[in-house]
Structure formats: structure tokens, C-alpha cells
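The values are calculated or read from the model by the stated rules, or taken from the named source; none is laboratory data. Quantities reported herein were computed from a predicted structural model and do not represent experimental measurements. Backbone-built Cβ (ideal geometry, glycine too); neighbour counts: all protein chains shown. Ligands, DNA and RNA are stripped out before the accessible areas are found, and what is left, the full protein with its side chains, is counted by its heavy atoms. Shrake-Rupley method; radii C 1.70, N 1.55, O 1.52, S 1.80 Å.
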Amino acid sequence: SSGINAEYGGASLDIKERSDMERWIKETGVDGIMIARAAWHNPAIFSKDSVPASQAAETFLKRCIDYECPLNILKYTIGKLQGLFTSTDGCLQVTRHIEPRLIYKHFGLADYYDKVTEGRGSSVQDEFQKSKRQKLGDGHILLTEQLTPTILQTFRSTVAPRQILNQWLIANGFSEPSYWTVETNKIFTGYLRIDNDTFVMEGDFKNKRTAIQAVAYAYCMKNH
């Protein structure tokens, strides 16, 4: 007879570890089991050895440190490892950090991070950013501004930084500004041109709207 597939939704979490899969196969006689969300809660679920989820996560995070995992990928993956947190709020508090060391510190890996990064010299990410800037071209004015979760929330309002800046520029005799973004590895950089000057705001922006609002906000904070 043809094989039977058994699929258990991750929401029920009937399967929490490898032994659960083996038990279900034995009790039901199916050929295999498909899982999804269970692997988010326990990244070691496919291991034949009895490996705690926390240990598997620590191994993964150490590899992230060793190979300088980009911040956006690190945050995304941690957000999926729901079994590491007792609540959604706990996960959000960690993934809101914009400094990698603070994320690793939450998992007790600050010392390991310091040891690996100490004296590393020009890092992989530094070289990546340098290469990206060369591709984007020189002559622009780099803006830097810390963006807290509260500030990012204002980007979604009807009176966002871009709208405020546009009104101010026009009211004070400037030409209408132009905005655009450059995408590299699914991370967006926002650009702003006012008359003959071009401004750029780099950051961990996952969409065009946020990148454009960020460069407008940074310009406002720097000049007004």
C-alpha cells in the first residue's frame, strides 16, 4: 500500500522532541511525520542524541559570533526560537536591541563575544559595509541617529518625519526633496536629496518605507 503522511500542526505542539516522533510512528504505523513550529521551540528536535534546546541554541549563537551573522538574520532567527522564551514580550525585549553584544549577553555569551571579537581587526561586516559604501558612491552626507522602538512607531503615523520635513522645506524656500532607497542583501538604505546635497541614513531597515522615514527623521534631528 502507499505510504501515509501524518502532519501535526505546530500550534498543538503534540510533538516536542524526537522521542515523540518515534512514539507516534510506532503507535500509528505511518511512514513519517511532518513538523514545523515544533522545530522553532526545540531546534535540537532532529538530533538522535538527547540535546536540550538551550544547548542547541547556544551552539547556534556561538556560530553566529564566529562568522559575524548579520544583525537582521540574527534577530529573525532568535524570534523563531520561541522555546527559549517564557513570553512573547521576553523575545521582543531581546530582538529590539540594535547592538549584537546585548543580544548575546541575554544568553550568557557576552564573554565569548568579547573574546572572539577582541583584536579581530577589520571584520567581515566592516568590509561588507565598506564595499557597500563604495558601490553606493561617495559625495553623500552620512547621517547617524539612534532609533528607539518608540521613534520607529511614529514612522507609521499620518504625521511622519517625511511629511513634516517636506512641509518645512517647501515653506522655507527649498526645492521639493527627493527620496530613494538602495537595497543590499534585503537591507534598505535611505537617501534624501535637498537641492544639491545628498544625505544617507544607514541602518537595519527591512523595507523602503522605514528607510525613507529614517533618513528624513535623521535630517530633522541634525538640522532643526
Q | Most to least packed among 21-32, 194-205 [average Cβ atoms within 10 Å] | A | 194-205, 21-32
Q | Phi to ³J(HN,Hα) by Karplus 6.51 cos²θ - 1.76 cosθ + 1.60 over the range 102-117, Hz, x for Gly, Pro | A | 5, 5, 5, 4, 4, 9, x, 10, 4, 5, 5, 4, 5, 5, 6, 7
**Q.** Pairs from LYS75/LYS222; LYS105/LYS206; LYS105/LYS222; LYS115/LYS186; LYS75/LYS186 whose Cα-Cα separation, in the structure shown, is over 21 Å
**A.** LYS75/LYS222; LYS105/LYS206; LYS105/LYS222; LYS115/LYS186
Q) Computed from the mean reciprocal separation of all distinct C-alpha pairs, what Kirkwood hydrodynamic radius does the range 137-190 have, in Å? A) 13.5
Q: Determine the per residue accessible area of the range 167-223 with all protein chains present and a 1.4 angstrom probe, expressed in square angstrom.
A: 53
Q: Mind ranking 143-150, 67-74 by how tightly packed they are, going by the mean number of other C-beta atoms within 10 angstrom, highest first?
A: 67-74, 143-150
Q. Using the Karplus equation 6.51 cos²θ - 1.76 cosθ + 1.60 (θ = phi - 60°), what ³J(HN,Hα) coupling, rounded to whole Hz, does each residue of the range 198-207 give in order, writing x for Gly and Pro?
A. 10, 10, 9, 10, 8, x, 8, 9, 9, 8
**Q.** Whether the range 153-221 is rounded, prolate or oblate, judged on the alpha carbon gyration tensor where a/c under 1.5 counts as rounded
**A.** oblate
